[in-house]
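Since the structure comes first, as structure tokens, the remarks are kept for the end.
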Amino acid sequence: MNNGVKLNKVGFVVTECTVSNAKSQSFGIWNSSPTDTATCLNSPVDFKVENMAGVAASISDALHGYSYRGFQFINEAPNGQIVTCKVIVCHEDDTDSICVTGCYA
């Protein structure tokens with residue numbers, strides 16, 4: 001991550017996250033839309049973009065934090081779950097990018 005230093009004029013946002021396990025069970029916990037901001041508040045497990053203000057100023061611009069209410073699949077222990085997210089990288093000068101529209105406006 002460039003030694004914790006934010007790359008010049010580059011940002012990123014998560015657009016979709018899924019929790020899965022080794023038995024091919026999966027559940028979508030976040031799906032943002034660049035046009036439908038209602039999806040930003042409708043996570044079934046209270047998915048949140050966390051405020052990184054408490055992180056050291058030298059690296060806070062290079063990090064994003066996310067959280068969700070934990071759960072387990074039916075008849076499966078909660079250990080061994082994998083969270084997979086899609087990330088979009090944007091240039092800060094692009095005022096129409098998903099990094100500054102929709103859920104991230």
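Nothing in this text is a laboratory measurement; each read-out follows from the coordinates by a stated rule. If you're wondering where the values come from, they're calculated on a predicted model, not measured in any experiment. Counting neighbours? That spans all protein chains shown, and the Cβs are built from the backbone with ideal geometry, glycine included.
Per residue of region 9-25, what does 6.51 cos²θ - 1.76 cosθ + 1.60 with θ = phi - 60° give for ³J(HN,Hα)? Whole Hz please, x for Gly and Pro, Karplus curve as stated.
6, 10, x, 8, 9, 8, 10, 7, 9, 9, 9, 9, 9, 5, 9, 6, 7
With label points built 7 Å along Cα→Cβ from the Cα atoms of R69 and C85, find their separation and express it in nm.
1.9
Most exposed first by the Cβ proxy, i.e. fewest other Cβ within 10 Å, how do S67, S24, S43 rank?
Fewest-to-most Cβ neighbours within 10 Å comes out as S24, S67, S43.
With a Förster radius of 30 Å, plug the Cβ-Cβ distance of V45 and K9 into 1/(1 + (r/R0)^6) and report the FRET value to the nearest 0.05.
Values: r = 33 Å, r/R0 = 1.10.
My answer for the efficiency is 0.35.
Give, as a single signed number, the net charge of other residues whose beta carbon lies under 15 Å from the beta carbon of P44, with Lys and Arg counted +1 and Asp and Glu -1. Numbers along the way, then the final one.
Details: positive: K48, R69; negative: E16, D46.
Charge balance in the 15 Å sphere: 0.
Given points 7 Å out from each Cα along the Cα-Cβ axis, report the S26 to E76 separation in nanometres with one decimal.
Each label point is offset 7 Å from its Cα along the Cβ direction, giving 1.1 nm.
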